[in-house]
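Working notes, beginning with the structure itself.
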Amino acid sequence: MSKQSYHVNTQDGAAVYSDRVLKIYDWWVLGFSNRLAWKCPTHTVLLPFFRQYLSSNHLDVGVGSGFYLANSPDHPGQKLTLLDLNDNSLKAAGARIAHLQPTLVRDDVLQPGGAIGDNRFDSISLFYLLHCLPGNMAGKAPTVFATLGSHLTADGVLYGATILGDEANHNWLGRRLMNLYNRKGIFGNNRDTLTSLQSALSERFAKVAVWQTGKVALFRAQMPLP
Ligand SMILES: C[S@@+](CC[C@H](N)C(=O)[O-])C[C@H]1O[C@@H](n2cnc3c(N)ncnc32)[C@H](O)[C@@H]1O
């Protein structure tokens with residue numbers, strides 16, 4: 001990865017993913033919370049979106065439990081690289097798709113140490129990671145997009161989803177979870193807006209699409225700018 005970085009505490013957004021938490025992650029986040037708090041269902045919105053751009057040369061960033069990869073069809077000759085700051089996530093996700101022999105890379109997407117080298121990918125997914133990073137979009141997103149953009153092939157696509165901040169007008173459950181998670185540093189998304197996400201992507205990519213389902217922003221970016 002390139003050496004651009006944004007110096008903040010990124011540990012809290014990753015450390016919560018213990019083996020125990022990862023065991024209930026699919027049920028709690030992808031089932032319960034996506035349906036009732038974030039109003040962006042996994043099986044009808046997020047999983048089809050993940051599958052849509054998954055290529056045979058793919059980098060998944062912020063892997064969590066590995067649910068999306070484990071529930072996507074394999075491409076012939078599939079090459080998968082998993083990047084995460086947390087070894088538990090890498091192990092859990094890696095084990096779920098062990099038959100594909102993924103490459104596991106431990107690195108911090110906000111303070112990259114270059115662990116991914118010069119590798120380039122035809123698709124890079126970034127699902128539910130931006131909202132775990134501290135700071136507003138203008139602070140955190142440029143580093144992430146510059147870094148990941150430098151690992152895309154010329155025709156490659158970066159795509160993902162992130163839970164929006166207070167402007168999304170969260171429901172009672174969403175507000176409770178937002179307050180708790182932001183207080184503990186598990187989320188850093190209070191000030192994240194759709195417009196700030198769009199601006200950060202447009203600074204780094206020539207072709208950008210951003211849209212919203214429930215309280216979640218979905219995005220796709222192509223053609224990284226030099
Ligand atoms: C909420 S989970 C998302 C999992 C999965 N992508 C999904 O959508 O269900 C966030 C993941 O990002 C990782 N993470 C958090 N901060 C990170 C950072 N600064 N660099 C790399 N990975 C990070 C966490 O360890 C965790 O595995």
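Residues that are within 24 Å of residue 12 (Cβ to Cβ) and touching a helix residue (DSSP H, G or I) at 6+ places or on another chain (Cβ under 6 Å) within the range 29-59 comprise 30, 34, 37, 40, listed in sequence order. As a summary of the residue check, residue 113 satisfies the conditions (1) more than 10 Å from the ligand (Cβ to nearest atom); (2) in contact with a helix residue (DSSP H, G or I) (Cβ under 9 Å, 6 or more places away or on another chain) except for the one numbered (2). Annotation note: Cβ proximity below 6 Å between a residue of the range 123-143 that is within 17 Å of residue 17 (Cα to Cα) and a residue that is part of a loop (DSSP other than H, G, I, E, B) and of a type outside the set (A, V, I, L, M) (sequence gap 6+ or interchain) occurs for 129/62; 131/187; 131/189; 133/188; 134/188. Residues in the range 184-221 that are in contact with a Lys or Arg (Cβ under 6 Å, 6 or more places away or on another chain) and either under 11 Å from residue 145 (Cα atoms) or free of Cβ contacts under 8 Å to residues at least 24 places away in the same chain (or both): 209 alone.
Rundown of residues vs (1) modelled with pLDDT under 95; (2) farther than 25 Å from residue 58 by Cα, yes/no style:
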site	(1), (2)
122	no, no
136	yes, yes
173	no, yes
187	no, yes
211	no, no
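One line per residue, one yes/no per condition, for (1) within 17 Å of the chain's Cα centre (by Cα); (2) farther than 24 Å from residue 164 by Cβ; (3) not charged (D, E, K, R):
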position: 60; (1), (2), (3): yes, no, no
position: 68; (1), (2), (3): yes, no, yes
position: 79; (1), (2), (3): no, yes, no
position: 88; (1), (2), (3): yes, yes, yes
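Filtering 33, 89 for residues that are part of a helix (DSSP H, G or I), touching a Phe, Trp or Tyr at 6+ places or on another chain (Cβ under 6 Å) and under 15 Å from residue 132 (Cβ atoms) leaves a single hit, 89. Taking every residue in the range 52-68 that is more than 13 Å from the ligand (Cβ to nearest atom) and pairing it with any residue that is assigned to a helix (DSSP H, G or I) and at pLDDT below 95, at least 6 positions away or on another chain, yields no pair with a Cβ-Cβ distance below 6 Å.
Where residues in the range 87-110 are of a type in the set (S, T, N, Q) and more than 8 Å from the ligand (Cβ to nearest atom), which of them is surrounded by the most Cβ atoms within 10 Å (Cβ to Cβ)? Checked the range 87-110; the qualifying residue surrounded by the most Cβ atoms within 10 Å (Cβ to Cβ) is 103.
The values are calculated or read from the model by the stated rules, or taken from the named source; none is laboratory data. Remember, it's a predicted structure, so these values are computed and weren't measured experimentally. FYI the Cβ positions are ideal-geometry reconstructions off the backbone, even for glycines, and counts take in every protein chain you see.
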